[in-house]
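The values are calculated or read from the model by the stated rules, or taken from the named source; none is laboratory data. Predicted model, so just to flag it, every value in this text is computed and none were measured. Here Cβ is always computed from backbone atoms with ideal geometry, including for glycine, and neighbour counts include all displayed protein chains.
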Amino acid sequence: MRVLSVVGARPQFVKAALLSAELARRGVDEVLVHTGQHYDREMSDVFFEQLEIPAPKYHLGVGGGGHGAQTGEMMKRLEPIVQDEKPDWLLVYGDTNSTLAGALVAAKLHVPVAHVEAGLRSFNRSMPEEINRIVADHVGDLLLVPNVQAQQQLAQEGVTRGVCVVGDLMVDLAMRAAAGIPERPALLDRLGVRPRQYAVATIHRASNTDDLHAFARIIEGLRSAGMPVVFPVHPRTREAARAVHAGEGDNLILIDPLPYGDMMSLVGRAYTLFTDSGGLQKEAFVLKVPCVTLREETEWVETLEDGWNVLAGSDPRKIAAAAKRLTPVRQGQPYGDGHAARNIVDALETAGAKRRSAA
Ligand code: UD1
């Protein structure tokens, strides 16, 4: 079996880490394609190195640009590769423009599409990610969902064939990382903060970075958090951070984006996390760190149960109040059995065998 996997953005490298290893272990021929959507060393190369992901066979070199130009250019460069490689599956992860480009190219070439992290919805179509997810799910042949809720969501949209509940790769990797976090990671001393006496913030969602008013309100909330806030700044956020003088004479500590292990250590020993990222909401949940989500809605509704995650949008008062709440006690286990990679390869093999016997 040959699987052509398309990755391009930071969260996809994290998800690919466990799956690429499992594909190799099971003797599946994986052709990895990097679209280039994330290209800074600290957004891409360090993840491949630290998570021991095999080097991509193809690098499309498409970074930046508007949504149409970025997605279109990826499709143009990917199409001949898919035609040459003739994979049994084209596999895409999550909800980025790289996901959309991969899914559309394969669907048009009649190559079966497997979508990892299918069935998630924010119900907010002004998010580019929501459009990407819906399209990938509706052109997909094998929809690898993290849990039964995502399966039910697809059923509501009339998608019932090829749906398989597999768990969550990112959660599985975070569980492994959690076990190795020292009580007092050296990084904290370098930053001058003490375990459980600081917060972490990440902001990169277009609705927060492109609207300077919303961004300034979030920063106002973080400034009232009552503790130091370590803020690894995503490339798309740099300009907005400069415009509002974040980190100048306040409690914010601005740093470059961190490699995976350091980020897990930093979040794992924090008092709370402020984020508009999807993945980090789940990672904080696994690390048992309360999360304040800087959006009006979340795809990961399970994290809201028992109070591990609170939606604060860009309201400074809600942000400051949510930061000070106590750590919840109860926690369910909504993201699978810890074997998402194995379950995904099983599903690819079973569905592949079915297709061959039907042909
Ligand atoms: C993308 C995904 C989002 C995901 C996020 C993870 C889409 C629509 N969005 O958003 O779902 O949660 O990645 O981080 O696909 N840039 C750099 N260096 C880099 C990467 C990006 O300077 O390494 C710049 C780009 O040139 C662009 C901006 O940052 O100007 C935004 O990059 P973009 O690829 O649009 O996506 P993200 O905002 O990172």
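Considering the conditions (1) assigned to a loop (DSSP other than H, G, I, E, B); (2) surrounded by 14 or more Cβ atoms within 10 Å (Cβ to Cβ); (3) at pLDDT 95 or above, Lys288 is excluded by exactly one of them, (2).
Looking only at residues in region 236-259 that are within 23 Å of the chain's Cα centre (by Cα) and over 14 Å from Ala201 (Cα atoms), the one that is nearest to the ligand (Cβ to nearest atom) is Arg236.
If you check Glu52 against the conditions, is it under 27 Å from Leu18 (Cβ atoms) and either assigned to a helix (DSSP H, G or I) or more than 16 Å from the ligand (Cβ to nearest atom) (or both)? So Glu52 passes the test. Leu304: out of contact with any helix residue (DSSP H, G or I) (no Cβ under 6 Å at 6 or more places or on another chain), assigned by TED's automatic domain parsing to the domain that holds Ala16, part of a helix (DSSP H, G or I) and under 29 Å from Pro128 (Cα atoms), yes or no? No, not satisfied.
When you look at Phe274, is it outside any loop (DSSP other than H, G, I, E, B) and away from the ligand (no atom under 16 Å from the Cβ), yes or no? If you could, list the steps in order and put the result at the bottom.
On the way: outside any loop (DSSP other than H, G, I, E, B): yes; away from the ligand (no atom under 16 Å from the Cβ): no.
The answer is no for Phe274.
Residue count for region 1-12 under the criterion of being within 10 Å of the ligand (Cβ to nearest atom) and in contact with a strand residue (DSSP E or B) (Cβ under 7 Å, 6 or more places away or on another chain): the result is 2.
Filtered by the rule that a residue be in contact (Cβ under 8 Å) with a residue 40 or more places away in the chain, more than 16 Å from the ligand (Cβ to nearest atom) and not aromatic (Phe, Trp, Tyr), region 189-206 gives Leu191, Gly192, Val193, Pro195, Arg196, Gln197, Ala199. Of all the criteria given as (1) in contact with a strand residue (DSSP E or B) (Cβ under 6 Å, 6 or more places away or on another chain); (2) free of Cβ contacts under 8 Å to residues at least 60 places away in the same chain, the one not satisfied by Ala114 is (2). Filtering Gly64, Gly36, Gly27 for residues that are out of contact with any Cys (no Cβ under 6 Å at 6 or more places or on another chain), within 15 Å of the ligand (Cβ to nearest atom), part of a loop (DSSP other than H, G, I, E, B) and farther than 18 Å from Ala103 by Cα leaves a single hit, Gly64. Within region 254-267, the set of residues being in contact with an Asp or Glu (Cβ under 9 Å, 6 or more places away or on another chain) and in contact (Cβ under 8 Å) with a residue 60 or more places away in the chain comprises Asp256, Pro257, Leu258, Pro259, Met264, Val267.
In this structure, is Glu129 on the phi > 0 side of the Ramachandran plot, surrounded by 18 or more Cβ atoms within 10 Å (Cβ to Cβ) and within 12 Å of the ligand (Cβ to nearest atom)?
Values: on the phi > 0 side of the Ramachandran plot: no; surrounded by 18 or more Cβ atoms within 10 Å (Cβ to Cβ): yes; within 12 Å of the ligand (Cβ to nearest atom): yes.
It is false that Glu129 is on the phi > 0 side of the Ramachandran plot, surrounded by 18 or more Cβ atoms within 10 Å (Cβ to Cβ) and within 12 Å of the ligand (Cβ to nearest atom).
Among the conditions (1) under 23 Å from Val233 (Cα atoms); (2) in contact (Cβ under 8 Å) with a residue 40 or more places away in the chain, Asp45 misses just one, which is (2). Assigned to a helix (DSSP H, G or I) and on the phi < 0 side of the Ramachandran plot, is that true of Ala351? Considered against the rule, which asks whether it is assigned to a helix (DSSP H, G or I) and on the phi < 0 side of the Ramachandran plot, Ala351 comes out as yes. Taking the listed residues Ala150, Ala155, Ala118, Ala179, the one that is surrounded by 24 or more Cβ atoms within 10 Å (Cβ to Cβ) and aliphatic (A, V, I, L, M) is Ala118, with no other qualifying.
Cβ-Cβ distances below 8 Å connect the following pairs, each with a first residue in region 19-40 that is surrounded by fewer than 14 Cβ atoms within 10 Å (Cβ to Cβ), a second residue that is part of a strand (DSSP E or B), and a separation of six or more residues or different chains: Ala24/Glu30; Asp29/Arg2; Asp29/Val3.
Note on region 1-22: residues that are among the polar types (S, T, N, Q) and under 14 Å from the mean Cα position of the chain (by Cα) amount to 1.
Of the residues in region 78-96, at least one is within 21 Å of the chain's Cα centre (by Cα), buried (at least 18 other Cβ atoms within 10 Å of the Cβ) and more than 13 Å from the ligand (Cβ to nearest atom).
Can you find even one residue in region 217-240 that is in a loop (DSSP other than H, G, I, E, B), basic (Lys, Arg) and either over 21 Å from Trp308 (Cβ atoms) or not assigned by TED's automatic domain parsing to the domain that holds Asp45 (or both)? No, because not a single residue in region 217-240 is in a loop (DSSP other than H, G, I, E, B), basic (Lys, Arg) and either over 21 Å from Trp308 (Cβ atoms) or not assigned by TED's automatic domain parsing to the domain that holds Asp45 (or both).
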